[in-house]
Amino acid sequence: MMIKQLKLEEKMIEIVIEGEGHTFLNILTQTLQENPDVNFAAYIIDHPKISHPRLVVSVSDGTPFEAIMEATKKLEEKSQEFIEKFTEAFKKYKDKKEE
Amino acid sequence: MEIPIRCFTCGNLIADKFEEFAKRVKKGEDPGKILDDLGLKRYCCRTMIITHIEIIGEISRF
Amino acid sequence: MDVEIIERDGNRIRFIVEGVSPAFINSLRRTIMAEVPTMAIDEVVIVENNSVLFDEILAHRLGLIPLTTPEGKYGFSEDCDCQGVGCPKCNVTFTLKKEAGEGIAVVYSGDFESSDPEVVPVSPDIVIIRLVPRQRIEIEVFAKMGTGKDHAKWQPVTVSAYKYCMEFDFDSEKCTLCEDCIEACPKQILKREGDEIVCIDPLACTLCDACAEACDFDAIKINENDTKFIFTVEGLGCIPPESIVRQAAQILIKKSQELEEQMKTMSA
């Protein structure tokens, strides 16, 4: 993951995230939009084969960096929770099957 | 020619199943049941096996 | 969030996830298909091949053979100390030598000799090529880690899909008990119980809406629950399916951590 900064204002940032695609950016923008301080969060991939996603985040309160960091933290927690719940469910299923 | 390694559509492994299929069809078993036995559920994989014609034996002389 | 496993059989796992967004589940699906790494043959050295298949076709066939992948043992060769050249730390070597004697010889994937007994073809019965007398192949191949993003041969799964769970909405006041809906259902999962129509297997529903269309009185409604999903993963035998799902979620975590760190350095 390589990040290039295109634009930086006090409340707005535009970055290019190299080496990522819809897989990560879609969930990231969605998590950003859940934050009430975020006015606008979206990404675009100009050309599906030769471009990297361009992410624009604009906030009303705080800095865009904080908003992105909060979103990544949230996403991390969600994935971690999923792993835990999945492992637990799998163990339960296995125990039940062995009985 | 030779049976493809994987199903064109879904990527499932089929090259290890064709020999058994051919052998059992020759014995007179129901092809549909053999495919069920081999664990080929989707019609893409089933088509791969059913429609395959092995001609490698004919051309390998040349 | 709630996870329940419905089925685990052979290379297949089916589970229900409740309380997540479609975006999350879709990211998980995409990660499973494109970013969970597996081993696959990537480089082939052909010493001799006078069979009827061209070298390129033979190499392509070899590449598609799924290989068992021990979790965490190998990394990408680009990240390895050898910097992508290929070394025993990131590559597995297979050798194969076979000659047809008097009759026809079939070369199977089981004929490969692997440098690591943990990395072998998932089935020893994969037919690679058929040889007739005087034909002979001698090859050396190198397998390395890769992801489905680069080539489908590195995909650990054949099926990775999810669908919304169905909510069966039945209005007994509007229903005239004509049972048209029961007949219309292609999966045969509707049943009459007393004065009510019930769905006996909601998981089997394909959300086709045939029952709602068959009903002239709008007594039936099929609702999609977009926070509850039925997820199906069917592996190829390279990695057990439950491990594939876990690894995919871990990849998502790793990505968020990476971005977080980059943001920290950028804002500083």
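The values are calculated or read from the model by the stated rules, or taken from the named source; none is laboratory data. As the structure is a prediction and not an experimental result, all values here were calculated from the model. Cβ placement follows ideal geometry from the backbone for every residue including glycine, while neighbour counts extend to all protein chains displayed. Accessible surface areas use protein heavy atoms only, side chains included; no ligands, DNA or RNA. Shrake-Rupley method; radii C 1.70, N 1.55, O 1.52, S 1.80 Å.
A few comments on the model shown:
- Zone residues, region C:1-24, relative to B:CYS10, backbone N less than 17 Å from point 7 Å out along Cα-to-Cβ: C:7-15
- Under the Debye formula (equal points on every Cα, no solvent term), log10 I(q)/I(0) of chain C at q = 0.07, 0.14, 0.16 Å⁻¹: -0.42, -0.98, -1.14
- Taking all protein chains as shown and a probe of 1.4 angstrom, C:ASP55 keeps an accessible surface of around 70 Å².
- About the centre of its Cα atoms, region C:38-153 shows a dipole size close to 280 debye [charges on the beta carbon of Lys, Arg (+1) and Asp, Glu (-1) only; nearest 20 debye].
- B:ASN12 long-range amide H proximity, modeled H, under 5 Å: B:CYS7
- A:SER58 versus C:ASP180: modelled label distance in nm, points set 7 Å from Cα along the beta carbon direction: 5.2
- Overall, the protein assembly as shown carries a charge dipole of about 1340 debye about its Cα centre when +1 sits on the Cβ of Lys and Arg and -1 on the Cβ of Asp and Glu, all other atoms neutral.
- Amide N of region A:38-71 lying under 17 Å from the label point, which is placed 7 angstrom from the Cα of A:GLU14 along Cα→Cβ: A:39-47, A:51-59, A:64-65
- C-alpha center-to-center spacing [chain B, region A:14-63] in angstrom: 46
- Across peptide A:86-96, the mean count of Cβ atoms from other chains lying within 10 Å of each residue's own Cβ comes to 5.
- Note on A:LYS94: lysines with a C-alpha under 16 Å away, same-chain residues under 8 apart excluded, are A:LYS85.
- Taken residue by residue and averaged, Cβ atoms of other chains lying within 10 Å of the Cβ of A:70-78 number 5.
- Label positions at A:ASP95 and C:GLU43, each projected 7 Å from the Cα along the C-beta direction, are separated by 4.8 nm.
- Unpartnered cysteines - no second Cys beta carbon under 4.7 Å - across chain C: C:CYS165, C:CYS175, C:CYS178, C:CYS185, C:CYS199, C:CYS205, C:CYS208, C:CYS215, C:CYS238
- Listed by number, the DSSP H helices of chain C that run 20 Å or longer by alpha-carbon position along their axis and have mean Kyte hydropathy of at least -1.0 are C:241-267.
- Counting only other chain Cβ atoms within 10 Å of each residue's Cβ, the peptide B:11-23 averages 5.
- Which listed pairs, of A:LYS7/C:LYS163; A:LYS97/C:LYS228; B:LYS33/C:LYS187; A:LYS74/C:LYS149; C:LYS89/C:LYS254, have C-alpha distances above 32 Å, in listed order: A:LYS7/C:LYS163
- Amide hydrogen neighbours beyond the local backbone of C:GLU35, cut-off 5 Å, H modeled: C:GLY148
- Rounded if a/c under 1.5, otherwise prolate or oblate - region C:125-184, Cα gyration tensor axes: oblate
- Ellipsoid semi-axes for region C:38-153, based on the Cα gyration tensor and the rule √(5λ), read 27, 13, 12 Å when sorted largest first.
- Note on region C:14-35 and region C:199-268: Cα centroid distance 4 Å, given to the nearest whole angstrom.
- Only Lys, Arg (+1) and Asp, Glu (-1) charged, at Cβ; region C:121-268 dipole about Cα centre in debye: 1560
- Computing FRET efficiency as 1/(1 + (r/R0)^6) for C:HIS151 and C:GLU261, where r is the C-beta to C-beta distance and R0 is 25 Å, gives about 0.25.
- Across region A:5-17, computed HN-Hα scalar couplings (Karplus, 6.51 cos²θ - 1.76 cosθ + 1.60, θ = phi - 60°) run 8, 9, 9, 9, 10, 4, 10, 9, 9, 10, 10, 10, 9 Hz from first to last residue, x flagging Gly and Pro.
- Dimensionless Rg over Rh [the protein assembly as shown; C-alpha; Kirkwood]: 1.04
- Cα gyration tensor category, rounded, prolate or oblate, for region B:15-60 with a/c compared to 1.5: oblate
- Here the spin labels are modelled as points 7 Å beyond Cα on the Cα-Cβ line, and at A:GLU81 and C:GLU224 they lie 2.3 nm apart.
- 3J(HN,Hα) along region B:19-32, derived from phi through the Karplus expression 6.51 cos²θ - 1.76 cosθ + 1.60 where θ = phi - 60°, amounts to 4, 5, 4, 4, 5, 6, 5, 4, 6, x, 6, 6, x, x Hz, with x in place of Gly and Pro.
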